[in-house]
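Enquirer: Okay, here's the structure, questions in a sec.
The values are calculated or read from the model by the stated rules, or taken from the named source; none is laboratory data. Quick caveat: nothing in here was measured; it's all calculated off a predicted structure. No Cβ is skipped: glycine too gets one built from the backbone with ideal geometry, and neighbour counts run over all protein chains shown. To get the accessible areas, we keep the full protein, side chains included, count just its heavy atoms, and leave off ligands, DNA and RNA. Shrake-Rupley method; radii C 1.70, N 1.55, O 1.52, S 1.80 Å.
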Amino acid sequence: MVFTRRDFGRLALAGLSSNALAQTAGKPNRSYINGVQFGLQPFCYHDLAMNRENRPILIQRLVENGLGMVELHAVWYEPNFAGPGVSAEEAREKLRNWRLNPPAGYFRDIKKEFDDTGITICTVYINVGDSFTDAEIDATFEGAKALGAKGIVGSYGLAVAHRLGAFPGKHGMYASLHNHDNLSDPDAFSNEASIVKGLAYSPDFTATLDVRHFTAGNGDCLGFLERHHARVSAVHLGDRRKNNGRSTPFGEGDAPIIEILRLIRDNQWPMIALLEFEHGTLRTGVDEVQLMFDYCKRALA
Amino acid sequence: MPHRQNLYVLFCGVILAAIASAQATARPGYDINYIGPPMADPVMQHSKETYVLFGCSYCHGLYLVARGEATDLMHSRLVGSDENGNVIGPLLRRGIPQTAKLSPMPQFSDLSDAQIADLVRWIHYARQQGRFKEVMEAKDAGAGNAAAGKAYFEQKCGTCHATADVARIAKKYDAAALKAQILKPRALEASPSWRLERLKDAKTAAARQRHGALLENYSGAEVANLIVYLQGMK
């Protein structure tokens, strides 16, 4: 990744702390294509249950798709305590205890699984919420850090973000705000104003602009990136139609995927393009991800 | 002899491998592990593929086991009240923009009537399969109440079935078989056919639809009540 003095100036002006800047420290890897670092939101493999038992298959599929970076959901490494005879409250309490007391070397071993196959965990996706204690939030950051992640990201709203603001800096990391397209909920990150409001809560916040949802909420992705790129650590790159429209294969919706990629490339913005899809397909997850990735490669050729 | 056995095992293995290979290569890229092998009924197969292709399965689950915050279509009252898409169709076209959920249900405004009919057909089929399994396996339905069963019968079944006919049918089955017969009457479980006399058999089609709708909405307790009532008619 090339990090220019101009970008540094913009980031500094935007008020980002040095912790948040750590996002740019990653080395380009096998899915760094013509100036854009690609990764995957791995719930794209919809034919693969997201749990830690399937993690080896996830890694195998990432390699098969030629991807060297991943935004890892916590469910790929955290145990699931839910099951017959276990109440939701009991399962939640067990998970909290596990987070506070993970087995020794647990995260180091998982990081090695990814390191050994040339995959970097850029961020951990976890929906921090009201049920999290302060100690649990700290433990979440420490776990993510041990995996090599520079930050965490999740689907939380303004209220949770307000509480979360003090945490990432303590761990030398960032927390990223991810938008959906719920324009009716005043707590939701959905449009430019709500994301800007959230970013102001902490210098250690970045935005993970979900291009699909932003488009469905009739947002202007290109304008947003032009105005706020210094605070954007990643984009979730997919396609949807406007007016709360449906998800589509790349190139069939209203999201300006090609233009976004070229903006990132030509301005040398240090943001990660995380492939993501929710449209239906009769193809395997690996085949569909490959189609999306190839579409992006052509856009940058 | 061991040699012959080995040859037999090898032969079977080759045949199985050939079948698996044929399935896997029948349609390049087709996700047979997720979508499953082709169904006997091509119309239903098409409906299932439409449900997958428009992304419904991504949130609501291929067999209506919802993922994340998506509505549970297996138990949704709205789906249970739908008749031939009269509820689901308009909802698909407009979506649910006002919601407390993170991601509102998208609008599928560009769907054709035929595509909506396909989606609706799959949703009801999958729901009926799922509800049948659920009610058959229910352990907490209780012992049943004959009076409640009688009231249910008179309200939901009596308009089509004479009490004497049902009493005669009930005598033929034990409780478990009677339960299955109530949920899915065998007389209505015909293989798909395009023979004109079958296509124009409106009475059977109406009965199938009616029983399908009941199956989608039965509770375990209601079925237990019906069984006790019907068995008491002997």
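Enquirer: Shape verdict for region B:111-181, please, from the Cα gyration tensor: rounded (a/c under 1.5), prolate (a/b greater than b/c) or oblate. Please report the intermediate quantities before stating the final value.
Expert: Numbers: a/c = 2.48, a/b = 1.75, b/c = 1.42.
Taking the square roots of the gyration eigenvalues as a ≥ b ≥ c, region B:111-181 is prolate.
Enquirer: Also: Only helical DSSP H runs with n ≥ 4 go in: add -39500 (n - 2.57) per run for chain A, normalise by residue count and round the 222 nm mean residue ellipticity to 500 deg cm²/dmol.
Expert: On the way: 12 runs with 116 residues, N = 301.
The helix-only estimate for chain A comes to -11000 deg cm²/dmol at 222 nm.
Enquirer: Spin-label point model (7 Å from Cα, Cβ direction): what's the A:H162 to A:L300 distance in nm?
Expert: It is 3.9 nm.
Enquirer: Now for a separate question. Go through B:K184, A:K150, A:K197 and list them by solvent-accessible area, largest first, probe radius 1.4 Å.
Expert: Values: B:K184 40, A:K150 70, A:K197 115 Å².
These residues rank, largest area first, as A:K197, A:K150, B:K184.
Enquirer: Probe radius 1.4 Å, ligands and nucleic acids ignored: give me the carbon and sulfur share of the accessible area of the protein assembly as shown as a rounded percent. Present the calculation step by step, with values, prior to reporting the outcome.
Expert: Numbers: 14320 of 25360 Å².
The computed percentage sits at 56.
Enquirer: Select from A:L147, A:L177, A:L100 the residue whose mean-square fluctuation is largest in a Gaussian network model of chain A (Cα-Cα springs shorter than 10 Å).
Expert: A:L100
Enquirer: Next up: Set the Förster radius R0 to 41 Å, insert the Cβ-Cβ distance between B:D201 and B:R77 as r into 1/(1 + (r/R0)^6), and round the FRET efficiency to 0.05. Intermediate results must be reported in sequence, preceding the final value.
Expert: Working: r = 31 Å, r/R0 = 0.75.
So, using R0 = 41 Å, E works out to roughly 0.85.
Enquirer: Provide the FRET efficiency to the nearest 0.05 for the B:A176-A:D287 pair, computing r from the beta carbons and using R0 = 45 Å. Walk me through the numbers on the way to the answer.
Expert: Numbers: r = 44 Å, r/R0 = 0.97.
Efficiency computed from Cβ-Cβ geometry: 0.55.
Enquirer: Something else: Put a dot 7 Å past each Cα toward the Cβ at A:N267 and B:R94; how far apart are the dots in nm?
Expert: Label at B:R94, label at A:N267, 3.9 nm between them.
Enquirer: Rounded if a/c is under 1.5, else prolate if a/b is larger than b/c, else oblate: which is region A:90-167, with a ≥ b ≥ c the root eigenvalues of its Cα gyration tensor? Each step should come with its number before you reach the end.
Expert: Details: a/c = 2.40, a/b = 1.41, b/c = 1.70.
Verdict is oblate for region A:90-167.
Enquirer: Estimate the FRET efficiency between A:K197 and B:D140 by the formula 1/(1 + (r/R0)^6), using the beta-carbon distance for r and 56 Å for R0, to the nearest 0.05. Could you put the intermediate results ahead of the total?
Expert: Numbers: r = 48 Å, r/R0 = 0.86.
That gives a FRET efficiency of 0.70.
Enquirer: Another question about this same structure. Between region B:190-234 and region B:45-79, what's the alpha-carbon centroid distance in Å?
Expert: The two parts, judged by their Cα centres, are 24 Å apart.
Enquirer: Now a separate question. So which of B:K139/B:K184; B:K156/B:K184; B:K133/B:K200; A:K150/A:K170; B:K48/B:K203 end up more than 23 Å apart, counting from Cα to Cα? Before the final figure, lay out each step's value.
Expert: Working: B:K139/B:K184 19 Å; B:K156/B:K184 15 Å; B:K133/B:K200 30 Å; A:K150/A:K170 13 Å; B:K48/B:K203 26 Å.
Flagged as over cut-off: B:K133/B:K200; B:K48/B:K203.
Enquirer: Ignoring everything except DSSP H segments at least 4 long, calculate the 222 nm mean residue ellipticity for chain B; use -39,500 (n - 2.57) per segment, divide by total residues, nearest 500.
Expert: Values: 13 runs with 140 residues, N = 234.
Result for chain B: -18000 deg cm²/dmol, rounded to the nearest 500.
Enquirer: Related question: What accessible area per residue comes out for chain A, rounded to a whole number of Å², with a 1.4 Å probe?
Expert: Details: 11550 Å² over 301 residues.
I get 38 Å² per residue for chain A.
Enquirer: Hey, got the Cα dimensions of region A:194-258 along the principal axes, in Å, largest first?
Expert: Sorted from largest, the Cα extents of region A:194-258 read 36, 20, 16 Å.
Enquirer: If I model a spin label as a point 7 Å beyond the Cα along the Cα-Cβ vector, how far apart are those points for B:S109 and B:A167 in nm?
Expert: It works out to 6.0 nm between the two label points.
Enquirer: Could you run the Karplus curve 6.51 cos²θ - 1.76 cosθ + 1.60 with θ = phi - 60° over region A:119-135 and give me ³J(HN,Hα) per residue in whole Hz, x for Gly and Pro?
Expert: 10, 9, 8, 7, 8, 10, 9, 8, 8, 4, x, 4, 6, 7, 7, 4, 4
Enquirer: Which residues, if any, in region A:244-268 have at least 40 Å² less accessible area in the whole protein complex than in the isolated chain, probe 1.4 Å?
Expert: A:N244, A:R246
Enquirer: Which length gain, in nm to one decimal place, applies between A:A135 and A:R30 when the Cα-Cα distance is subtracted from 0.36 nm times their residue separation? Show your work: numbers first, answer last.
Expert: Details: separation 105, 0.36 × 105 = 37.80 nm, distance 3.62 nm.
Here the segment from A:A135 to A:R30 would lengthen by 34.2 nm.
Enquirer: While we're on this one: Which percentage, to the nearest 5, of the DSSP beta bridges contained in the protein assembly as shown is antiparallel? Each step should come with its number before you reach the end.
Expert: Details: 7 of 37 bridges.
If we restrict to bridges inside the protein assembly as shown, about 20 percent are antiparallel.
Enquirer: Please report, in Å, the Rg and the Dmax of the protein assembly as shown, where both are computed over Cα atoms only.
Expert: Looking at the protein assembly as shown, its Cα Rg and Dmax stand at 27.2, 90 Å.
Enquirer: Then there's this: Pull out a ≥ b ≥ c, the square roots of the eigenvalues of the alpha-carbon gyration tensor of region A:148-271, then state rounded if a/c is under 1.5, prolate if not and a/b is larger than b/c, and oblate in the remaining case. Before the final figure, lay out the partial values.
Expert: Numbers: a/c = 2.09, a/b = 1.35, b/c = 1.54.
Oblate, because a/c is 1.5 or more while a/b does not exceed b/c.
Enquirer: Under 37 °C and 0.692 mPa s, how fast does chain B diffuse according to Stokes-Einstein, given a Kirkwood radius computed over C-alpha pairs? Answer in µm²/s, whole number. Write out the running numbers ahead of the final one.
Expert: Details: Rh = 20.7 Å.
Once the numbers are plugged in, D ends up at 158 µm²/s.
Enquirer: Leaving out ligands, DNA and RNA, calculate the buried accessible area for the pair B and A with a 1.4 Å probe, summed over both sides, in Å² to the nearest 100.
Expert: On the way: alone 14880 and 12640 Å², together 25360 Å².
Buried: approximately 2200 Å² between A and B.
Enquirer: So if I take the centroid of the Cα atoms in region B:120-188 and the same for region A:127-180, what is the distance between those two points in Å?
Expert: 51
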